[in-house]
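The values are calculated or read from the model by the stated rules, or taken from the named source; none is laboratory data. If you're wondering where the values come from, they're calculated on a predicted model, not measured in any experiment. Because the Cβ atoms are built from the backbone with ideal geometry, glycine has one as well, and the counts that use them run over all protein chains shown. When the accessible area is computed, the model is the full protein with side chains, heavy atoms only, and any ligands, DNA or RNA have been set aside. Shrake-Rupley method; radii C 1.70, N 1.55, O 1.52, S 1.80 Å.
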Amino acid sequence: MIRPICKDPFLLSQKAKEMTEEDRELIRDLKDTLQFHSAHCLGMAANMIGVPKALIAFREGPLIKAILNGEILEKKGPYPAMEGCLSVSGSHSVTRYREIRVRYQDEGFSEHVQTFQGLTAQILQHELDHCKGVLV
Ligand SMILES: [Zn+2]
């Protein structure tokens, strides 16, 4: 189900709670909402649809993937980036890292540790910030 985008700074600044098996429907909703906005949005965090749970969805080529309870373990290669966000107006300068190591659960709640680079790494850093209540 496509849900409306939350722009409330109070809700967006709350730290996300752990995703559990009971939150499965939220995965579908977040992916549907990202798909709907995919012309101008590469990733989305659950609090952007008003639910403060540690869930993000992101585009990787033609696919939309979800990461649950993601945590950045390591980051390398800082660089300055300009980013926009559907929940925040304008573009904002931030420091991102070219390579990150992330511990997360997939949609079946299996645990992974994976290295991401380049654009995918940047999207994940932006969305995982959302989960901590941090906006660009
Ligand atoms: Zn954002």
Say we join alpha carbon atoms closer than 10 Å with springs in a Gaussian network model of the chain; which of 83, 22, 60 then has the biggest fluctuation? 22
The chain - accessible surface per residue (Å², probe 1.4 Å): 53
From Cα pairs below 8 angstrom and at least 6 apart in sequence, can you work out the relative contact order of segment 1-75, rounded to a whole percent? 33
Please say if the chain is rounded, prolate or oblate, where rounded means a/c under 1.5 for a ≥ b ≥ c the square roots of the C-alpha gyration tensor eigenvalues, and otherwise the choice is prolate for a/b larger than b/c and oblate otherwise? rounded
Between residue 5 and residue 95, what is the FRET efficiency for a Förster distance of 30 Å, r being their Cβ-Cβ separation, to the nearest 0.05? 0.75
